[in-house]
1. I want to confirm something. Restricting to segment 121-139 and keeping residues that are over 17 Å from F88 (Cβ atoms) and of a type outside the set (G, A, S), which single residue is farthest from the chain's Cα centre (by Cα)?
2. Within segment 104-152, how many residues are part of a loop (DSSP other than H, G, I, E, B), modelled with pLDDT of 90 or more and among the charged types (D, E, K, R)?
3. Taking only segment 82-103 into account, find how many residues are part of a helix (DSSP H, G or I) and of a type in the set (F, W, Y).
4. Please find, among T77, T42, T63, the residue that is hydroxyl-bearing (S, T, Y) and at pLDDT below 60.
5. Output the residue which, of all residues in segment 12-39 that are modelled with pLDDT of 75 or more and among the small types (G, A, S), is nearest to P116 (Cα to Cα).
6. Cβ contacts < 7 Å: first residue surrounded by 11 or more Cβ atoms within 10 Å (Cβ to Cβ), restricted to segment 133-150; second residue among the β-branched types (V, I, T) and at pLDDT below 95, any location; separation 6+ or different chain. Result?
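The values are calculated or read from the model by the stated rules, or taken from the named source; none is laboratory data. In this text, all values refer to a predicted model and were calculated from it rather than measured experimentally. When we count neighbours, we look across all protein chains shown, and the Cβ atoms used for this are built from the backbone with ideal geometry, even at glycine.
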Amino acid sequence: MEDKGSVKCKLEFLKSCYKNVSQLLEINVIPFYATLPSVQKTILDWISQELVHLEWMSVAVETAVMNEGSKIQTSLTVPVLALLTRLFKEAGIYTDTNQTEILKFVSSHFTTPRQPEVSYGHLKSKYYQIDEGTKKTVIDHLMEMAQRCKKL
């Protein structure tokens, strides 16, 4: 089985082996050790265990790959992202009362053009320190979204 390249190939090979072994006819003669399971059952158990292990490993690898690239890329700046987060919180769209958790979530799940890693501290400071330019940018974005909503 080690000659099979990818995990997908190994899974297909094991499924095929499981099918072939399970379809073998077994002649029931008086077993030498009556308390032991048949050879067929033992082999099927081994193949099943290997299938479960490989499927679990493939899910773990897919999850790791998915988590590496799972940040949402946005064209917004950190101050604009912070103000939108504050507006969502104050408008009751985000119902979580723990503001720290909201800011940690946003900082860990969003990227900006200039900041591939948005720091929690920077986001938190911009959450409270809002300048007029940021307000104008957010108003422009909200107005554009309102216009798009009307067209839908």
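1. The extreme case among them is E132.
2. 1
3. 1
4. T63
5. Among those that are modelled with pLDDT of 75 or more and among the small types (G, A, S), it is S16.
6. Going by the 7 Å Cβ cut-off, the qualifying pairs are T134/V80; T137/V80; V138/V80.
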